[in-house]
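Read-outs: derived from the displayed coordinates by stated rules, not from any lab. Here the structure is a predicted model, which is why all the values come from computation and not from measurement. All Cβ positions, even for glycine, are placed from backbone atoms using ideal geometry, and neighbour counts span all protein chains on display.
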Amino acid sequence: MKRMFAAGIDQARGVPSQWDDGWDGYVERFASREGQFIAANSLAALGNAAMKYEPRYDQCRCTGFWPRARMRLCATFLLTIKVAATASAVALYGGSFGGGVLSTAWKPKPRNAIAEGSRAMAGQAGYGSLLNSSLNSRPT
């Protein structure tokens, strides 16, 4: 749903402008978003495996609005390593950045790979914060 919504926004904005305004353009934008998602998640999974991160979620045990809000915001930027040390979610944001960079391969030229990767990473932070604020979960 997120990618369908984002493709709709891209369609309304006409981004990228080289793609059609009609149904065909929407399909291209959606496929581009989906391809970037697959690339980002694949890279993040490889990174998680290499660094022995445990990205699965379990039920939040905290109670009250502010403790849950703090935990959800922290869950956006932190993952707990199996050895019980906390580290930044390098694989998650690295995967997002890499997915954005890879998306320049199929998007119309000219494209700045660093800018696309940076936008994808910022989007991950924004969507992640929004999603974590609505879910009752935290990294294990």
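The table that follows gives values for the structure above.
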| item | result |
| --- | --- |
| Highest average packing first - 100-110, 39-49, Cβ atoms within 10 Å | 39-49, 100-110 |
| Local net charge near residue 106, Cβ-Cβ under 13 Å (Lys/Arg +1, Asp/Glu -1) | +2 |
| 3J(HN,Hα) from dihedral phi, the stretch 95-110, Karplus parametrisation 6.51/-1.76/1.60, rounded to Hz, x for glycine, proline | x, 4, 4, x, x, x, 5, 4, 5, 5, 5, 10, 7, x, 7, x |
| Sorted peptide list for 123-129, 27-33, 12-18, criterion being average Cβ within 10 angstrom, highest first | 27-33, 123-129, 12-18 |
